[in-house]
Each structure stands twice: as C-alpha cells, then as structure tokens.
Amino acid sequence: MPYHSVDRRRVLTAAALGWALDEPGAIADSGELLQAITGEILDVSPHLIVVDTPEGREERLVIAPWATAWRGEAIAPADLPVGAHVIIRALRSGRVVDRIWADITRITGVIQSVDSGPKDRTVELYCGPHRGRRAIVIPYRASGRLRVRHPQFEPGYLFDAIGVRESGTAYARLPATSQPPYRWTAVPRPPAGYNSVQSRISGTATWSDALDCDEQGAAYPMLERSDADCEETGVSCTGLPYLALGSMLNVRNVCAGRTSILPIVACGCLAGRFCDRCLECGTSPRGRIVELSATAFVELGGDLTKGCFNARVGLG
C-alpha cells in the first residue's frame, strides 16, 4: 500500500471529497467539553495534583471536592502514589480534576492457558495478530467476581477485564463484560446486510490500551484484510459496512450526549468477536462497533472502569 499512513489517507480523502480537514477530537455540540490528561504523578495532595505529561510538561491541576480516584479499587485522590501513571478527566478547560484512574489497564483477549496456583491464577491470552500474547494474573480475591461473569476459564473462550499494572504485571480486578457463551471462532452471523440508507449504526463502544493512550483514534472491526494487513479482521455480529484506514468516524455517546470525530487508526479484529451489550444507560444493540483509545473514551464521557457506553457511529 503506497499510502498506508493514516494521517496521509485522511488528508487525501478530505481533498478528494471536499471535506474540511478538522483535527480529531470532541465536538462542542452541547455542554462543557471534557479533557483527558495523562502522565505520571509528581506530587499529590487533597486539593492539588502535579503531573508530568508525555510531552514533558508539568501540569498543576486543582482537585474538585467531589473528585474520585481508582487504582484497583476506589480510593481518595490524595492516597494515589507518586509515580503512578494516571488518566485524568478534567473540567473547566482542563484545570479542574473530576475523576482519576491510576495504573489502569484493559485485558482483552482469547484464553490460551490457565495456570492455577494455590491462590492466584496466571492466564495467558492471545490479544490479536497486532498485539500478540499477554500473561496476566487473577488475584484470588478477584477471582470470584470474575468467574461470575466469566464462567469458562478454558482455552478458546474470550476474556475481558479491567485491571491495574504493578511492577510490569497486569492484575485483573473487574470484569469488563459478561463472557460470550461461544468460542472466539464461532461468532454469530450478523443480521441482513448493511443498508446504505442508514446514516448511523448503534452498538457498543469500548476502550483499549492497545491503542496509544494519548491518540485521538479508533479501531474498527470491518476493514478489508489487505488494507488492514490483518487476516482476522472483517468479523462482526453487527451489520457494519466495510471502511478503510484513515476514514473519519462520528462517534456519539448516547448516554452522555457527547460526540467526537475520530480517525480509524487500527483494525478492531478482536473487538468484533464480542457479540455483547452495554448496559450503562438502557441496553445497547448487540456487538462492539468501535474501540477507542483511553483519552478519546474519557473525553466522550466514558468511565474507564465501566468499560463501555452505548454508541451511535457514522461517517464523519
């Protein structure tokens, strides 16, 4: 592919179709814009947090009285450790902290093996052709909660959990979804073909830390295999149209009433195999239609520990 760069594709598409070349990100269609700030904690107190961002800036943010934090469990923001990697949801032009997630990770893949120790379990996952294999630990105290929604701890079944990174190891803490009852190769067939009259498709939006945390981008299940350089793409139980890398998506969180315009930057071949529903506000139609970077998810009003929101997606 001579123009495999997503940014270049976006420029060429806009030029060919006469579209405006806007920067990806949230649209101020209603209410106050949310801003996601990432980095490493340099200092924290009950009223102030200082973060070193990936760009090398030092951000000093006021912690709102109602602000909450999560690091494996709900804790007070002032109890977060210095050095923790955080994703912050901020208000008022990014100066006031509303929510903090520390050392959070999402663990999504296909179970390959389970090593049952006396208490903790080590699980090896296949996370797709571009993400490879990943070994994670299920602590004994979290295993009961996870097994309620993931009853099949067997090779070939899908797994999706929220956890924390500690000393280079990922520890699963919360189930991100109810485990699909089928093996990953037996995804239900989608309904009748996509109707080109449709301008929007409804389903579930999730997030993944396999995408660059600070990237304003999305992974999408239905890409041409040659275009995405992925043999496992093009699978979904939702009637999605085929799109290309660099296509701009209009993603709306119907729960929060927020919208972003985001480019497709990767194939969501694993997300397309989850034929589940999001239950955050009502019940979404079955199927994951888009997978977002953590910052894009947060700026759309999503809660990283809940893992999904009901979404409506169309071409930007």
query: What is the one condition in (1) out of contact with any Cys (no Cβ under 8 Å at 6 or more places or on another chain); (2) of a type in the set (Gly, Ala, Ser); (3) at pLDDT 95 or above that Gly193 does not satisfy?
result: (3)
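Quick test for you: out of Gly163, Gly117, Gly128, pick the one residue that is surrounded by fewer than 17 Cβ atoms within 10 Å (Cβ to Cβ) and among the small types (Gly, Ala, Ser).
Gly117
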task: Would you please name the residue that is surrounded by the most Cβ atoms within 10 Å (Cβ to Cβ), looking only at residues in the stretch 267-293 that are among the small types (Gly, Ala, Ser) and in contact with a Phe, Trp or Tyr (Cβ under 8 Å, 6 or more places away or on another chain)?
output: Gly268
- prompt: What is the residue count in the stretch 282-305 for residues that are without any contact (Cβ under 8 Å) to a residue 60 or more places away in the chain and farther than 17 Å from Arg200 by Cβ?
  reply: 1
- prompt: Which pairs have Cβ atoms under 6 Å, sit 6 or more apart or on different chains, and link a residue in the stretch 104-124 that is closer than 17 Å to Tyr140 by Cβ to one that is not in a strand (DSSP E or B)?
  reply: Val114/Phe153; Lys119/Tyr140; Asp120/Pro139; Asp120/Tyr140
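From the list Ile88, Ile111, pick out the single residue that is under 24 Å from Cys213 (Cβ atoms) and part of a strand (DSSP E or B). Before you say what the answer is, go through the steps one by one.
Working: Ile111 fails: under 24 Å from Cys213 (Cβ atoms).
After ruling out the rest, the residue left standing is Ile88.
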- prompt: How many residues, within the stretch 117-157, are at pLDDT 95 or above and on the phi > 0 side of the Ramachandran plot?
  reply: 1
- prompt: Only one residue in Tyr140, Tyr157 is out of contact with any Ser or Thr (no Cβ under 9 Å at 6 or more places or on another chain), surrounded by 15 or more Cβ atoms within 10 Å (Cβ to Cβ) and of a type in the set (Phe, Trp, Tyr), so which one is that?
  reply: Tyr157
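The values are calculated or read from the model by the stated rules, or taken from the named source; none is laboratory data. This one's a predicted model, so the numbers in the text were calculated from it and none came from an experiment. As a convention, Cβ positions derive from the backbone with ideal geometry for all residues, glycine included, and neighbour counts pool all protein chains shown.
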